[in-house]
Amino acid sequence: MKTTIRLIHRDTLSCEPILRRMPNGDLLCVSQVGDVAEPAPLNRIRSFRSTDDGLTWSKSACIYPETGQAVYATEFNVVDGIARVYGQTHSGRFLNMGCFVMESDDNGHTWHNAGIPPFFPAFTFFRGLLELRDGTQLLPYQHMPVSEQENMRLVTASHGISDYKKQRAVWDADICAIQNGVVLTAPGGFAPELCPGPEIPIKGDTGRRWAWSEPTLIELSDGRVVMLLRVDKSGCLWRSDSFDGGKTWTKAEPTDIPNPDNKPKLLAFPDGRIGLIHTPNGNPGFSNRYPLALWISHDDMLSWEEKHVLTDFPGIYCYPDGFVEGNKLYFTIEINRHEILFFLCEDI
């Protein structure tokens, strides 16, 4: 396997880059940048473009207009020539959160606000869209059921505190679980359907544990759909299955895939293999997000026959996202919360 790595951007903060192919062939990376931490009041989302298949990258361009709010993006997809970025505006501490969809019909050069996504006007992070073989589209989500009253309680408690890091945040909310599932859109112009999935409890006998579940999906050869989830402090990825095309889901159970509290990314190869980009380290914690690896399964995730370490250079590798074309894997990742790297893996 041949691997090419390029630097896209370096900033005081670079967080969760997402890479997609535009209809005209350009590569576009959408990422959160700005300020010195995440979340923070000056977080914004910007795009970076490559017209030479990732060898060189443009300076950043605006995706969402400046309103004085912090902005985050957690999903970017291209369907039928329309690029869509799913994001959130917030207080800088993930409070007063509102969800939006930005759309572009000119290869990501200009964007307009298409309104709120179906079912979830607030407190929801959407993740990578999966299109099943029958054309059904599954958009996974992580929803935090924070009421308006609970949001205002936390916002009010922060009044007069000038240091935003000492203000209340969404993880201070009095909720019992993080909800996961998919927004299902069947082919033929049907209205989207909300399909709840597994919940990740954040209260229990061992105390409180916040959950950034960050679900990723894949379709198996028999039509089952698998959801892998991040469950902090568990040391591994968790799994839920759907046997009816995403409409219902099993209870999430731990797997034997190590995970140090980091977002995973599942990808399908044209020949039926399944790829997993992740950091297979069973020691929980931000500093343990290494090495960066590509695991490949030839048997519907029963085993992982190929385990390629893409880089074990010291660093913290976070939030891989990208796509497969033939035997090529294109993806982006952040390192040390400051740099956005582009990876092209060929002859896989």
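The values are calculated or read from the model by the stated rules, or taken from the named source; none is laboratory data. These numbers come from a predicted model, not from an experiment. Cβ atoms come from the backbone with ideal geometry, glycine included; neighbour counts cover every protein chain shown. Accessible surface is based on the protein model in full, side chains and every heavy atom, while ligands, DNA and RNA are left aside. Shrake-Rupley method; radii C 1.70, N 1.55, O 1.52, S 1.80 Å.
Summary table
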{"read-out": "Matching residues, the range 57-71, being open to solvent by 10 Å² or more (accessible area, probe 1.4 Å) and not polar (S, T, N, Q)", "value": "W57, K59, A61, C62, Y64, P65, E66, G68"}
{"read-out": "Unique residue being without any contact (Cβ under 8 Å) to a residue 40 or more places away in the chain, open to solvent by 50 Å² or more (accessible area, probe 1.4 Å) and either in a loop (DSSP other than H, G, I, E, B) or charged (D, E, K, R) (or both) when the list is P254, P280, P260, P314", "value": "P314"}
{"read-out": "Exclusive hit being in a loop (DSSP other than H, G, I, E, B) and either of a type in the set (D, E) or in contact (Cβ under 8 Å) with a residue 12 or more places away in the chain (or both), set W238, W210", "value": "W210"}
{"read-out": "Residue count, the range 335-348 (criterion: over 13 Å from I5 (Cβ atoms) and either of a type outside the set (S, T, N, Q) or in a strand (DSSP E or B) (or both))", "value": "4"}
{"read-out": "Selection count, the range 82-126, where residues are open to solvent by 20 Å² or more (accessible area, probe 1.4 Å), outside any loop (DSSP other than H, G, I, E, B) and of a type in the set (A, V, I, L, M)", "value": "1"}
{"read-out": "Matching residues in the range 239-251 - criterion: being in contact with a Leu (Cβ under 7 Å, 6 or more places away or on another chain) and open to solvent by 60 Å² or more (accessible area, probe 1.4 Å)", "value": "K247"}
{"read-out": "Residues of the range 287-303 satisfying the condition of being part of a loop (DSSP other than H, G, I, E, B) and crowded, with 19+ Cβ neighbours inside 10 Å", "value": "R289, Y290, M301"}
